[in-house]
């Protein structure tokens, strides 16, 4: 492998993990990132005197990162300060209606019984058991494995095979399946919201996404410094293992000779020779030709109607009043079907559900600073269109009315707005979609590209590829990309038998 050179494009968490794993395996790795810092969507932006985490805010499945760090000779807990959250999230509807979900499932069941009655609490217990069953069915063959087709997945599922997979209800929508457990529409709305973690609608996403609820109920952690700090820790470890990290350097194309990748061209005009390239860009950017004609043929395009959701986010320095915020708070629209009908029609919801991350707060709800750092988010269609100032103002007004209906007012001292057009600028060819392809229909997960592409030497990582969006899944994609590179190298050098570090581990 003396002549091998790997270039990783993009310092999102998938690219960072791929660079770390490959550098730890002894390969020469250069990572190029157009931004000044690592993290991709895991980023901080200013709001007046405060800095606000403006990307992912919920950290789950910490064991994926524990395994990655351990495989590379490091300890996650020694490098990133993590604290378990006792309250997973606080949920509110118009008026005084409140419901907390807890890390302790018995406390959640008791809270649901107080909120909606004993029958709903029993439904929660059954729902929790089914969500866990779905997760366990898909963990090894799908989440930890290279992207399978439907038949491959049935084979990998082992003795349960197709029968076991049918129990994950791939042909039933999440919204419909929730009716088997909850009669209270507020609870269907609460657990249906997990589809939005994949940028999808609960009215179109498969019931399989109940596994997201299981993942969250297995534990949510707070990262000191925010998730951008986690990205910095992965980047630092990759550098320690020998990766060269070049920030403020944009990849503008791939060079292809003899039918395979041979290098990466940069915005400076420089060309980096490469025998393997891991592209941690949205797959839509490759398919759209942003890296050249040959890479465009290597992956399938994402039609506009199949894009996941975008968002309008308000990164705020402000003083909240009237509602006891915890770190994660959700304020529900009274008509979820109407909200997603608006999104499906390509417009902002007229009465949106609002997520508020109070980043200076923990379980006790006591702020540590004033003004507080707050991220307020409403879902938006991924049109990529710039929203005129009056529409941004209207969006802010509808959001504020929804919060006020639940008792919360925020006196803002500063605000930074990011909408679909800004997300499109940050992540070109996506229309502002934050999660790749929407998880609508039973085949959606199989349409996401895997680590290998049709162009030899080109591999993919990130939330738009298998196994899907979200910080732990994107990290797993980088792990799978690195494993693919190492496996392909091993097959290229059959006479040089050696143990190859990397790949995925099993618990």
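Computed from Cα positions, the angle between helix 227-240 and the longest principal axis of the chain comes to roughly 20 degrees. Entry note, the chain: the mean residue ellipticity at 222 nm calculated from DSSP H runs of n ≥ 4, each adding -39500 (n - 2.57), is -10000 deg cm²/dmol after division by the residues and rounding to the nearest 500. In this simple spin-label model, placing a label point 7 Å from the Cα along the Cα-to-Cβ direction at both residue 338 and residue 401 gives a separation of 1.0 nm.
The mean sequence separation of alpha-carbon pairs under 8 Å and at least six residues apart, normalised by the residue count of segment 293-424, gives a relative contact order of 38 percent.
Mean silhouette area of segment 208-256, derived from the convex hull of its C-alpha atoms and averaged over all directions, reads 7.2 nm².
Cα centroid separation, segment 307-359 to segment 17-64: 25 Å.
Residues of segment 351-376 with an amide N closer than 19 Å to a point placed 7 Å from the Cα of residue 426 along the Cα-to-Cβ direction: 354-360, 373-376.
Highest mean packing first, where packing is the average number of other Cβ atoms within 10 Å per residue, the peptides 77-85, 133-141, 174-182 line up as 174-182, 133-141, 77-85.
Annotation for residue 413 and residue 240: the two label points, set 7 Å from Cα along the Cα-Cβ direction, are 3.7 nm apart. Note on residue 51 and residue 267: the extension gain reaches 74.8 nm, defined as 0.36 nm multiplied by sequence separation minus the Cα-Cα distance. Beta-bridge orientation, the chain: approximately 75 percent antiparallel, per DSSP, counting only bridges with both partners inside. P(r) tail, the chain: Cα-Cα pairs separated by more than 41 Å, 16% of all pairs. Using the average count of surrounding beta-carbon atoms within 10 Å as a protection proxy, the listed peptides 379-391, 437-449 rank, highest first, as 437-449, 379-391. Which part of segment 178-214 falls in the paramagnetic zone of residue 122, meaning amide N under 15 Å from the point 7 Å along Cα-to-beta-carbon? Only 180-184 pass the distance filter. Extending 7 Å from Cα along the Cβ direction at residue 172 and again at residue 369 yields two label points whose distance is 4.6 nm. Listed peptides 13-26, 327-340 appear in the order 13-26, 327-340 once ranked by packing, highest mean of other Cβ atoms within 10 Å at the front. Counted residue by residue at 0.36 nm each, then reduced by the alpha carbon distance between them, the extension gain from residue 297 to residue 83 reaches 72.6 nm. In degrees, nearest 10, range 0 to 90: what is the angle between the Cα axis of helix 13-24 and the longest Cα principal axis of the chain? On a 0 to 90 degree scale, this one is about 40. The angle between the Cα long axis of helix 118-138 and the longest principal axis of the Cα atoms of the chain comes to about 0 degrees, rounded to the nearest 10. Working from Cα pairs under 8 Å separated by at least six residues, relative contact order for the chain is 23 percent.
Bear in mind these aren't lab numbers, they're just calculated from the coordinates by the rules spelled out. All of these numbers come straight from a predicted model, not from anything done at the bench. Positions of Cβ are backbone-derived with ideal geometry, glycine not excepted, and every protein chain shown enters the neighbour counts.
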